[in-house]
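Remarks on the structure that follows.
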Amino acid sequence: MEHRYSALRIAALVYKILGIVTLVVTLAIVLVLLGSLVFGTGIPLMSRGAERQLESVFGRIGITTVALGVIIFYGGGASLTLLAFGQLIELMIALEENTRATALYLKQQSREVAAARQSATHEKNWLSKKE
């Protein structure tokens, strides 16, 4: 059977590649943030005044932990969505191919049944004429 929908196949591949790249970038950022938590540096803040205010509420470690959660949530969600969309496109292509194959099979079966009926009708007519 011929492969159809090459543009959709390419789009599915692109979405899956983007999903994998997004996942790798997300994991790299998570590792960097975890490293900053382990070594105690955290995310540095922009100005000294803001640093004092935010350190009293969250601290650098707290801000880094919140950033880590946001990155995991959005990066993981984006990569999962891209991978799932690529798989969805492949699923739709497979569904179309299976539907086409089933339709061809049923058409062939109906032709065979029609030929068998026609043969049986001719045989019945021939037998009735002979009597």
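A few notes on this one:
- Residues located in the range 65-111, provided they are surrounded by 12 or more Cβ atoms within 10 Å (Cβ to Cβ) and farther than 27 Å from Ile20 by Cα: Arg100
- Restricting attention to the range 72-83, the residues being touching a residue at least 60 places away in the same chain (Cβ under 8 Å) and of a type in the set (Gly, Ala, Ser) number 1.
- Taken together, the residues in the range 106-131 that are hydrophobic (A, V, I, L, M, F, W, C) and modelled with pLDDT of 85 or more amount to 1.
- Residue tally, condition part of a helix (DSSP H, G or I) and among the basic types (Lys, Arg), over the range 1-21: 2
This table checks each residue for (1) modelled with pLDDT under 95; (2) exposed (fewer than 11 other Cβ atoms within 10 Å of the Cβ).
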residue	(1), (2)
Ala12	no, no
Leu18	no, no
Thr22	no, no
Gly35	yes, yes
Gly42	yes, no
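The values are calculated or read from the model by the stated rules, or taken from the named source; none is laboratory data. Since the structure is predicted, the reported quantities are computational estimates derived from the model, not experimental observations. Counting neighbours? That spans all protein chains shown, and the Cβs are built from the backbone with ideal geometry, glycine included.
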